Amino acid sequence: MPKPYLVCRSDELKDGDRRVMSCDGTEVGVFKVDGQFVAWHNECPHRSGPVCQGRMYKRVLEPIDSDGHVRALAYDENVTNIVCSWHGYEFDLKTGANQGTDKIKLRKVKLEEKDGHIYVVV
Amino acid sequence: MNQPVVGVPQMLPAQVIDTSTDSREILKHARVAARRRNLQDWFVVDVDAHHVETVSWNEVVQYIEDPVIRDQAIYFHKDRIGAPPYGLNGDLGLRYQSVGGRIPHQDGLREKVDDVSVHRDVTLTRRAMDSLGVDNMVVFPTPMLFLGLHPQPEMEVWLSRAYNKWMQEKLLSADNRIKFLAVLPYNTPEEAERVVKETAGKKGIIGYAIPSTRHAPVHHNKYMRLYSMIEETGMPLSFHAGYHWDDPSLKTVNRFLGMHALGFAWPNIVHCTNWILNGMPVRFPKLKVIWIESGIAWAPFLMQRLDDQFLMRPSEAPHLKRLPSEYMRDHCWYTTQPMESNNLKALECTLDMIKADTQLLYASDWPHFDFDLPSEITDLPFLSEQTKRNILGLNAARIFNLDPTPVKQL
């Protein structure tokens, strides 16, 4: 039966912060990104790597100018990716969608914010 | 209605994995996966894992035989702090492997190691073996794999010989589970022969390695005595692939992704083509040749291409009494990694074509960015358990003459 786990006070997490934890053996990552809380299973859909313990990067873009030329890479300041440290699979931290294919997604964990505290239900 | 009991989670020790994280923590999920699949009872050999020899380069250069070169190397490392490793040529791509730090274990394993009774790399290798679920791990160098393109062939000789000796003294003597394919300074055949003579039968040395990144013709007459000597030892000869941006055929490739995808297959495709068409399997029928770190998808491509062309031009390959693909199937072995597994139907066909049941050998390539776990094999839906056991360890036990008793501690 699903059970709530107390993560921390809501105001403890600033944008870009995380808590990666084991809930009686089920590993979960809770993140604050662009003012929003999200929670994912700490298991990469690629090969079960510890995806929530990966580094975060803004998504990389390559702008094309009006002549069809490219000159430099750029960061998309609106999309934060979490990168699985095992093999580099990148996921949109807010949606869980893989950058390369929409067939691969992080597995969501139910998250509740109540009385100024964050809970995950696993 | 009762309020649900609220659990208290336990925070993981590494909130963000970086180069200082203990590799047992990095690979914790691998260990769980191995336990779930009962790999404790399976004999698993990792035919291709790596360490970063340049971390210990100031030690390695002390094994250079030439006294003048040895002194130069020692002084260089003493006086030039932060300088690149003495004598190595290297490659630009080495800076790009971790995708800008996204895959930290590729950049370095700087974890704490308390045990000073053995070399640090022994401890790191033991941690990797017990995390992945591996009984025997074959350890390869990393930047040294480019030495075949070094402008000074004598440097390949000095450094390969020094490294082979360092490896024996520091790693192989410390742990029976660590195995090694002695590195051959292949651009100088008589020196490669000397390595075979000196190392055959030495503890932990179970075969020979030719770094494939080079432009040497593997069919040249100057190598025939070397192959004959290796055939006589009964140990396998391997070609370990690697890219290099100085390869003219790859110079237009501007993304490391493309360089890695092509560059790790290309030299083995070239060498294997020459190996087969010049009849090496006919001339050395007992010589076991392993193609390492090119993945396996290239093999069916090459089999089909060579068969197609051979039947139209058999007079150009008169040694061959069978199709090239049959020699590739019966006289060659292949390591799995990086196993192309996004299309299972294609993978099944590949495994069938290369006769994976007897010819395929598991390899992790840990700690590189595209490492594979043993579960890549155990989870394949179309193989029998016996075939999985063969790929994971029993094929290696056969060709390397290893005791197939599991000894790991999962």
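I need the calculated FRET efficiency for the pair A:Val60 and B:Thr405, taking r as the beta carbon distance and R₀ as 45 Å, to the nearest 0.05. Working shown, then result.
Details: r = 48 Å, r/R0 = 1.07.
For R0 = 45 Å, the calculated efficiency reads 0.40.
Determine, from the Cβ-Cβ distance of B:Arg305 and B:Val118 and an R0 of 56 Å, the FRET efficiency 1/(1 + (r/R0)^6), rounded to the nearest 0.05. Let's see the in-between values first.
On the way: r = 47 Å, r/R0 = 0.84.
The value I calculate is 0.75.
Using only the alpha carbon atoms of region B:163-283, find the Kirkwood hydrodynamic radius as the inverse mean reciprocal pair distance, in angstroms to one decimal. Intermediate values should be presented prior to the final figure.
Numbers: mean 1/r = 0.0639 Å⁻¹.
About 15.6 Å, per the Kirkwood formula over Cα pairs.
Would you mind giving the mean number of other chain beta-carbons within 10 Å of the Cβ of each residue in A:1-8, as a whole number? Display every interim value, and only then the final one.
Details: counts 1, 1, 4, 5, 5, 4, 3, 2.
So the per-residue partner count for this stretch is 3.
Points 7 angstrom from Cα along the Cβ direction at B:Lys78 and A:Glu12: gap in nanometres?
5.4
Within 10 Å of each Cβ of B:16-28, how many other protein chain Cβ atoms are there on average?
Working: counts 8, 10, 3, 0, 0, 3, 0, 0, 0, 2, 5, 3, 3.
Counting other chains' Cβ atoms within 10 Å and averaging over B:16-28 gives 3.
In percent, how large is the relative contact order of region A:4-121, given Cα pairs closer than 8 Å and 6 or more residues apart? Write down the numbers at each step before the final one.
On the way: 246 pairs, mean separation 31.2, N = 118.
Value for region A:4-121: 26 percent.
Counting only DSSP beta bridges with both residues in the protein assembly as shown, tell me the antiparallel percent, nearest 5. Could the numbers behind the result be given before it?
Details: 37 of 61 bridges.
Antiparallel bridges make up about 60 percent of those DSSP assigns within the protein assembly as shown.
In whole angstrom, note down how far apart the Cα centers of region B:280-347 and region B:217-269 are.
Centre-to-centre (Cα) distance: 14 Å.
For the pairs B:Lys112/B:Lys165; B:Lys28/B:Lys408; B:Lys286/B:Lys355; B:Lys288/B:Lys408; B:Lys288/B:Lys345, note any where the Cα-Cα span goes beyond 22 Å. Before the final figure, lay out the partial values.
Numbers: B:Lys112/B:Lys165 26 Å; B:Lys28/B:Lys408 15 Å; B:Lys286/B:Lys355 18 Å; B:Lys288/B:Lys408 27 Å; B:Lys288/B:Lys345 28 Å.
The pairs that break the limit, which is 22 Å between Cα atoms, are B:Lys112/B:Lys165; B:Lys288/B:Lys408; B:Lys288/B:Lys345.
Okay, helix-only estimate at 222 nm for chain B: each DSSP H run of n ≥ 4 adds -39500 (n - 2.57), divide by all residues, round to 500 deg cm²/dmol; what do you get? Mind dumping the intermediate values first?
Working: 19 runs with 156 residues, N = 410.
So the calculated ellipticity at 222 nm is -10500 deg cm²/dmol.
Search the structure for amide H atoms under 5 Å from the amide H of B:Ala297, placed 1.01 Å from N in the peptide plane, and list their residues when 5 or more places away or on another chain.
Hits under the 5 Å cutoff: B:Glu340.
Out of all DSSP beta bridges with both ends in chain B, state the antiparallel percent to the nearest 5. Please list the in-between numbers first.
On the way: 0 of 23 bridges.
Around 0 percent of the beta bridges assigned by DSSP in chain B are antiparallel ones.
Where does each of B:Tyr186, B:Tyr96, A:Tyr119 land when they are ranked from fewest to most other beta-carbon atoms within 10 angstrom? Don't skip to the end; give the middle numbers.
Working: B:Tyr186 26, B:Tyr96 16, A:Tyr119 22.
Least to most surrounded, the residues fall as B:Tyr96, A:Tyr119, B:Tyr186.
Given contacts defined as C-alpha pairs under 8 Å and at least six residues apart, what's the relative contact order of chain B, whole-number percent? Intermediate results must be reported in sequence, preceding the final value.
Working: 690 pairs, mean separation 83.6, N = 410.
Relative CO of chain B lands at 20 percent.
How well do other chains shield peptide A:54-65, expressed as the mean number of their Cβ atoms within 10 Å of each residue Cβ? Present the calculation step by step, with values, prior to reporting the outcome.
Numbers: counts 5, 8, 2, 4, 0, 0, 2, 0, 0, 0, 0, 0.
Per residue, the number of nearby Cβ atoms from other chains is 2 on average.
Check chain A and count each lysine pair with an alpha-carbon distance under 19 angstrom, considering only pairs eight or more places apart or from different chains.
Within chain A, the lysine pair count is 19.
Taking the number of other C-beta atoms within 10 Å as the exposure measure, put A:Cys8, B:Cys332, B:Cys349, A:Cys44 in order starting with the fewest. Don't skip to the answer; put the middle values down first.
Numbers: A:Cys8 16, B:Cys332 21, B:Cys349 13, A:Cys44 26.
The order, fewest Cβ neighbours first, is B:Cys349, A:Cys8, B:Cys332, A:Cys44.
Every number here is computed from the coordinates shown, using simple stated rules; none is lab data. Since this is a predicted model, take the numbers as computed values, not measurements. All Cβ positions, even for glycine, are placed from backbone atoms using ideal geometry, and neighbour counts span all protein chains on display.
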